[in-house]
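Okay, structure first, notes after.
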Amino acid sequence: MANSKLTLSIEPEYIEMAKSYAAENNISVSKLFKNFIKDVSKKKGTNDPLLEKLKNMEIPDDIKSLTGILKGKYPAGTSYDDMKYEYFKDRYGL
């Protein structure tokens with residue numbers, strides 16, 4: 001993507017603040033501005049139609065009924081390997 005030029009009109013003290021901040025962080029003022037715009041855009045959020053549809057989608061009752069059925073079956077710190085060991089121990093009498 002080719003770079004484009006942009007002229008901004010702001011008070012001199014803000015220009016100096018931007019230059020000083022950029023120098024302290026070893027980046028250019030252009031990169032500082034680019035990062036700022038990217039951050040602002042992320043905070044605003046993108047309107048992804050699929051995400052919006054999923055946010056507003058009602059979860060069917062049969063799926064809701066499955067919520068928490070495994071909760072408490074294994075302690076919180078149990079790893080996959082521990083569960084696999086328990087399975088094989090019960091299955092093959094180890």
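Ranked by the mean number of other Cβ atoms within 10 Å of their residues, highest first, the peptides 5-18, 28-41 fall in the order 28-41, 5-18. P(r) tail, the chain: Cα-Cα pairs separated by more than 16 Å, 78% of all pairs.
About the centre of its Cα atoms, the stretch 1-57 shows a dipole size close to 360 debye [charges on the beta carbon of Lys, Arg (+1) and Asp, Glu (-1) only; nearest 20 debye]. Extension gain for the segment ILE69 to SER20, taken as residue separation times 0.36 nm less the Cα-Cα distance, is 12.0 nm to one decimal.
Using only helices, what value at 222 nm comes out for the chain when you add -39,500 (n - 2.57) per DSSP H run of length 4 or more and divide by the total residues, to the nearest 500 deg cm²/dmol? Please report the intermediate quantities before stating the final value.
On the way: 5 runs with 54 residues, N = 94.
About -17500 deg cm²/dmol.
In this view, the solvent-accessible surface of MET57, computed with a 1.4 Å probe and all protein chains in place, comes to about 110 Å². The GNM of the chain, with springs linking C-alpha atoms under 10 angstrom apart, assigns the highest mean-square fluctuation among ASP62, ASP48, ASP81 to ASP81.
Would you work out what percent of the accessible area of the chain, with all protein chains in place, is carbon or sulfur (probe 1.4 Å)?
On the way: 5390 of 9380 Å².
Its accessible area is 57 percent carbon and sulfur atoms.
The values are calculated or read from the model by the stated rules, or taken from the named source; none is laboratory data. Quantities reported herein were computed from a predicted structural model and do not represent experimental measurements. Neighbour counts are summed over all protein chains in view; Cβ atoms, including those assigned to glycine, are modelled from backbone coordinates with ideal geometry. Just so you know, the surface numbers come from the protein's heavy atoms only, side chains and all, with ligands and any DNA or RNA stripped out. Shrake-Rupley method; radii C 1.70, N 1.55, O 1.52, S 1.80 Å.
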